[in-house]
Structures are given as C-alpha cells and as structure tokens.
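The values are calculated or read from the model by the stated rules, or taken from the named source; none is laboratory data. Bear in mind that the values here come from a model prediction, so they are computed numbers and not experimental data. Cβ sites come from the backbone with ideal geometry, for glycine too, and all protein chains shown count toward neighbours. Calculation scope for accessible area: heavy atoms of the full protein, side chains included, ligands and nucleic acids excluded. Shrake-Rupley method; radii C 1.70, N 1.55, O 1.52, S 1.80 Å.
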Amino acid sequence: MHHSHLFMRLTLLVLATLVTTSSMAGSCQQNEYTAPERDQARLESGLVGEWNQTFDEKILTVEDIDGNQWRYFTIEKRPETPAGLILFLHGFPEFAYAWEQQLEYFGDTHHAAAIDLKGHHYSSSPDLVEEYDFIEIAWEIRAIIRCLGYDKATIVGHDFGGAIAWIMGMLHPDAVDGLVVISVPHPYLFGRALLNPDSDQAERSRYIGYAQGTSLADQLNFSKIIFSDFSIFDSGFYSGKRILRLMLENWVPTQRWKTMKHYYRAMPFPANEQDYRAELTAFQKKIYTIKRPTLFLWGLADPYFNQDTLTGIGDLVPDLELVTYPQGTHWLHHEAEDLNLRIDTFIRKLQ
C-alpha cells in the first residue's frame, strides 16, 4: 500500500491549521442519541452486565478538513459549572464506555466526555482508508472540542486515542490544556524503534502488517496474534457479562473489524528513513515536539511496545511526567488503581 510521506502531511496540516483555524468550527450539530432497540433491550435486561446508564448520550456531527461531515457518538457527565473539558479517546478495539469509571469520577468537577472513535461502535464508519489518517482525525477532535463549547480540552488517550493525543500536542497545542497518554509511544520514537535493528519492536509490531492486508491469511494471522492476548479482560473492568457489551455492540458486526483496522492501513508502515530520520532538522524537531504538559503512563509488561520507544522522549516532550508500572500491560487504563488520582493531580497542576 502506498503511503504519502508522514512529514509532508504534518507540514501541510500545520499550514492548513494556520490558514483555517478561525473558521473551522462553523459546522457542528448536537443531537440526542437513541441506541438500537436490540442493544438497549440487552442493556436494560442486564444481559450484558451492569453499566452506568446515567450519562448523556449524543451524536456530534462535525466537519473534517475536506468538508465531509462525520457523526461521533459521545457520552458525557458534567456538573452545573464545570472546571473545564476532559476528552477521553479510547483505543483499538474498544469504545467510549471504556472510560465509564473516568466519567463517573471526573464528571463531578469537569465536563467529562468520551467518544467512539470513527470506525468504532456507533460513530461514522466510512469505507475509505484515507478517512482514518491520524493527522486528519486530530483535526476532527479539534472540531469536537469546539462543538462541545470549548476552545481547549485536556486530552486523555489510550492506544489509537493516545496516538491522536500526541498529534494534538504537536499540531493543535492551542486546543490543548494538557495530554495524558497511555500505552502508546510518541510517533517519531515508535518509527525509530521500528528501524532499529537492535530492537525487537518490528517483531512486536508485525500484527500491523497483517492488519493492513486483506487476504484471508492476513486476517487469520492478525486474529491469531490479537486474540492470543486476553489481558484486556484480566483487570475486571469487563468482568462477568460486561464483556458481552463490547463484543455484541462493537465486535460482532463484522464491518467494524474492517473499519477499526483502517487505522493500521492509514499508518506509514513499514517505517522508512524519510519519515523518521535519525537526525531531525530544527524545523522537523519543532513539529515533532509536544508543546503542552504531558502525563505519560507506561506499562513495562506491554507486549506490543518495547522500552526502546522511550529513548529520547525528554527531547521531544520537554514538559513530561513519565510514570511506569512494572507489571502494567497494554491495558493500563483498566489496571492502574491510581489512574484517576494521577490524572486528577496532573489536571490540578494545569490550572
């Protein structure tokens, strides 16, 4: 698959942001959301476990950089006078309700919102791979922040959501108070680790190549790797029948797997030296640098990412708080018992 060069796209998006930022929030709609009857009946009957059903559920319709309109399913909790917006972005292959406990906690003081990423669950799921480019989706996240009535948000992201958070900190710092990134490396350092012959990151990331493929063999190899890791269920968050909600609403519809994997297909992968040069120019470093305070949470037992991807993080994230969890897996946002407290403490420092 052909990928346009990452750095060229970054540069173009920077220019587009400068030119059109002032007018980009023109098209935005908020509508109440009613879940499909079958999904709602299962939820109310308890067949998919007990979930918090007090959140406001909406569809936010925003325009992307090309003028296309996309629907984002959003769940929210907020007090009468919120201290600010915290926007939670889930990863593959989850959904907005992955942040249920965080909305319960932060919604007492802040406008806490979580969305289904494009291609997941109830949000728009276009067929074109180009619509899943992380850089363009970051633009849509900016539009969502505006649609919710704010100029800025604290972004909390895991996996795909964390990758989008990194992009927000690089290209849209004026729309960000701070970043909380969980279980996903800085894009440049990830690329460098993939190119490092002394690192096993390329081997750890081989599932991405399978995800990009469309043959039956690719699909089987991808499934074999992904479903050999059930640590997503070890934390207890999806305990008992609760696992069924994620499966029945987001995994069973086979079209979802196609669009969820489009994020991998939109990546500049395999990595190449043009996108991830060993020596960055001053201009390149300026673009790759994260321009807002960042709390970075990392599980040392994450099977998908080597610690090599942390090398040089301080140079690109100058205002960094790095917290590592020796036993933490990729699903740290469900495992870390101090997660809400750490995020809360970080946010208080921003104020």
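Odds and ends about this structure:
- Selection within segment 115-136: residues that are of a type in the set (Val, Ile, Thr) and farther than 16 Å from residue 96 by Cα. The member of this set that is surrounded by the most Cβ atoms within 10 Å (Cβ to Cβ) is 135.
- Count of residues meeting criterion [surrounded by fewer than 16 Cβ atoms within 10 Å (Cβ to Cβ) and aromatic (Phe, Trp, Tyr)] in segment 252-271: 0
- Counted residues, segment 144-162 - those being out of contact with any helix residue (DSSP H, G or I) (no Cβ under 6 Å at 6 or more places or on another chain) and part of a helix (DSSP H, G or I): 4
- Residues located in segment 43-65, provided they are open to solvent by 40 Å² or more (accessible area, probe 1.4 Å), touching a residue at least 60 places away in the same chain (Cβ under 8 Å) and not in a strand (DSSP E or B): 47, 50, 65
- Checked against (1) in a helix (DSSP H, G or I); (2) closer than 18 Å to residue 160 by Cβ; (3) in contact (Cβ under 8 Å) with a residue 24 or more places away in the chain, residue 184 meets all criteria but (1).
- Which listed residue, of 122, 97, 105, 72, is within 23 Å of residue 261 (Cα to Cα), hydroxyl-bearing (Ser, Thr, Tyr) and assigned to a helix (DSSP H, G or I): 97
- Checked against (1) of a type in the set (Ser, Thr, Tyr); (2) within 30 Å of residue 37 (Cβ to Cβ); (3) not in a helix (DSSP H, G or I), residue 263 passes all but condition (3).
- Residue 300 meets the stated requirement of being modelled with pLDDT of 95 or more, touching a strand residue (DSSP E or B) at 6+ places or on another chain (Cβ under 6 Å) and surrounded by fewer than 21 Cβ atoms within 10 Å (Cβ to Cβ).
- Matching option when the condition is assigned to a loop (DSSP other than H, G, I, E, B), among the acidic types (Asp, Glu), over 20 Å from residue 332 (Cβ atoms) and touching a residue at least 40 places away in the same chain (Cβ under 8 Å), among 279, 273: 273
- Every pair of residues 6+ apart whose Cβ atoms lie under 6 Å, when the first sits in segment 74-99 and is within 14 Å of residue 123 (Cα to Cα) while the second is assigned to a strand (DSSP E or B) and of a type in the set (A, V, I, L, M): 74/60; 74/113; 74/115; 75/114; 96/75; 96/114; 96/115
- In the set (1) of a type in the set (Ser, Thr, Tyr); (2) under 29 Å from residue 321 (Cα atoms); (3) not in a loop (DSSP other than H, G, I, E, B), the condition left unmet by residue 199 is number (3).
- Restricted to segment 272-297, and to residues there that are among the polar types (S, T, N, Q) and farther than 13 Å from residue 187 by Cβ, the residue that is most open to solvent (accessible area, probe 1.4 Å) is 274.
- For segment 79-91, a residue qualifies if it is part of a loop (DSSP other than H, G, I, E, B) and either open to solvent by less than 40 Å² (accessible area, probe 1.4 Å) or under 22 Å from residue 140 (Cα atoms) (or both), and the qualifying residues are 79, 82, 84, 90, 91.
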